[in-house]
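J.: This structure is in structure tokens; I'll ask about it shortly.
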Amino acid sequence: MRPTHIRSIQENIPQTHLIYNSDGSVYHLGILEEHVADDIWIVGDPDRVGIISSFFDQVDFQIHRREFVLHKGILKGRPLTVVSSGIGVDNIEILISELDAAVNIEASTQCVKSNLRKLKFLRLGTCGTLRSEIAPGTIVASSFAYAYDGVPYSYEMEFSAHEEDLIAALKTGGMDRPNLYAVAGSAFLQERYAIWDTKGITYTANGFYGPQGRSVRLKSKLEAFAAESSFEWNQLVITNIEMECAGLYAMASLLGHEALTCCVILANRKTQEFSAHPAADVDRLIQNAIAAF
């Protein structure tokens, strides 16, 4: 995915399009450029930020605004920012937009900087799987992700040939719903963070219950996930369901950054098996990332 139009260097951004707080920090996150390392780990749960930063050599900044908790410090001698996104692609769109603005927009003039920084995002999350052969505790890397939230269609953009091919295959395979998009993850980061047990295509749902086939009082239309469970494309299957990956890949790609999602499976939706030790599974994911950093 790539943009077909982007603001030129030194082009001014209206104040109503990018809002700053009185201290010059970006509106929702409350951050300045000094809070943003080139390497950024994203988690959903705000409490998980402190768990990861407890392994830092030192913590230099701690910021807590709404569901966004950010710690920046040094891990293994290198700068690292860890930040929580909260749940959903809408939060991811705010998070990535404001992290980019903090480093690539001059707050005093609200103009695009001449030297743009490329950020490297690693999302560490939890998810479910639609594949009976994938056991809870398995770490999945998202080579591609697809979703129906429609956020990328708000921007002037176009898909790569591979992404167009995947979208066409998803439509043919029974997943032709409004606002469908698909986007590739970073091959560079997939190699750098070889912390995964398997890799595949991720379905990013825009809800936790009905959109993920859960029926509580209301009956979900998606409970069987028959098309998703049998889908295969370029030797990849739909391995897992979560709520942020496709939005992260889209926003990172459009803004010129790298992004990878690695999630640990907690629930197998086919076998109805849930992880016996979810905290230990999440800890393994974190420790693998630390080891690879």
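Every number in this text was worked out from the coordinates using simple rules, so none of it is lab data. This one's a predicted model, so the numbers in the text were calculated from it and none came from an experiment. Methodologically, a virtual Cβ is constructed for each residue, glycine included, from the backbone with ideal geometry; neighbour enumeration extends over all protein chains shown.
J.: GNM, the chain, Cα, under 10 Å: largest mean-square fluctuation among VAL36, VAL26, VAL89?
T.: Judging by the Gaussian network model, the answer is VAL26.
J.: Please report the antiparallel percentage of the DSSP beta bridges confined to the chain, to the nearest 5. Mind showing how you got there, number by number?
T.: On the way: 32 of 61 bridges.
So the antiparallel bridges amount to about 50 percent of the total.
J.: Give, as a single signed number, the net charge of other residues whose beta carbon lies under 10 Å from the beta carbon of THR271, with Lys and Arg counted +1 and Asp and Glu -1. All intermediate terms of the calculation are to be shown ahead of the outcome.
T.: Working: positive: ARG131, ARG269, LYS270; negative: GLU133, GLU273.
Net of charged neighbours comes to +1.
J.: Starting from the Cα of ASP90, step 7 Å along the direction of its Cβ; do the same at HIS64; then give the gap between the two resulting points in nm.
T.: Rounded to a tenth, the inter-label distance reads 2.4 nm.
J.: May I pose another question? If you only keep lysine pairs separated by 8 or more in sequence, or across chains, how many in the stretch 2-292 come under 26 Å at the Cα atoms?
T.: 14
J.: Compute the helix-to-body angle for 245-255: its Cα long axis versus the longest principal axis of the chain, expressed 0 to 90° and rounded to tens.
T.: Approximately 40 degrees, to the nearest 10.
J.: How charged is the neighbourhood of TYR209? Take every other residue with its Cβ under 15 Å from the Cβ of TYR209, and add Lys/Arg as +1 and Asp/Glu as -1.
T.: +3
J.: Quick one: pull the percentage of alpha-carbon pairs in the stretch 103-151 with a separation above 17 Å.
T.: Summing the P(r) of the stretch 103-151 above 17 Å gives 63 percent of all pairs.
J.: Could I ask something else about it? Please give me, ordered by residue number, the GluC sites (Glu not before Pro) of the stretch 72-139 that lie in loop per DSSP and have at most 11 other Cβ atoms within 10 Å. Walk me through the numbers before you get to the answer.
T.: Values: sites: GLU93, GLU98, GLU106, GLU133; in loops: GLU133.
When the GluC sites (Glu not before Pro) of the stretch 72-139 are filtered for loop state and at most 11 Cβ neighbours within 10 Å, GLU133 remain.
J.: Net charge around ARG7, counting only other residues with Cβ within less than 14 Å of its Cβ (Lys, Arg = +1; Asp, Glu = -1)?
T.: Once all neighbours under 14 Å are counted, the net charge is -3.
J.: Also, I was wondering about something else. Multiplying the sequence separation of ASN115 and ARG2 by 0.36 nm and subtracting their Cα-Cα distance, what value in nm do you get?
T.: Length gained, ASN115 through ARG2: 38.8 nm.
J.: Can you give me the C-alpha center-to-center distance between the stretch 140-184 and the stretch 82-126, rounded to a whole angstrom?
T.: 22
J.: For the chain, take the longest principal axis of its alpha carbons; what is the angle in degrees between that and the long axis of helix 89-104, to the nearest 10 within 0 to 90?
T.: Approximately 30 degrees, to the nearest ten.
J.: Using the Kirkwood formula over every pair of different C-alpha atoms, what hydrodynamic radius in Å results for the chain? Before the final figure, lay out the partial values.
T.: Details: mean 1/r = 0.0511 Å⁻¹.
Hydrodynamic radius (Kirkwood, Cα pairs) of the chain is 19.6 Å.
J.: Scan the stretch 209-267 for trypsin sites (Lys or Arg not before Pro) in coil per DSSP, keeping those whose Cβ has at most 10 other Cβ atoms within 10 Å, and list them by number.
T.: On the way: sites: ARG214, ARG217, LYS219, LYS221; in loops: ARG214, ARG217, LYS219, LYS221.
In loop regions of the stretch 209-267 (DSSP not H, G, I, E or B), the sparsely surrounded trypsin sites (Lys or Arg not before Pro) are ARG217, LYS219, LYS221.
J.: Taking the Cα centre of each part, how many Å lie between the stretch 258-293 and the stretch 199-233?
T.: Between the Cα centre of the stretch 258-293 and that of the stretch 199-233, the gap is 19 Å.
J.: Let me ask you something else. For the chain, what is the mean residue ellipticity at 222 nm derived from helices alone (per DSSP H run of n ≥ 4: -39500 (n - 2.57); sum divided by total residues; nearest 500 deg cm²/dmol)?
T.: Computed ellipticity for the chain at 222 nm equals -7500 deg cm²/dmol.
J.: Okay, moving on. Using a simple charge model, +1 on the beta-carbon of Lys and Arg, -1 on the beta-carbon of Asp and Glu, nothing else, what dipole does the stretch 1-91 show about its Cα centre, in debye to the nearest 20?
T.: 160
J.: For ASN12 and ASN179, what is the calculated FRET efficiency with R₀ set at 30 Å and r taken between the beta-carbons, to the nearest 0.05?
T.: 0.45
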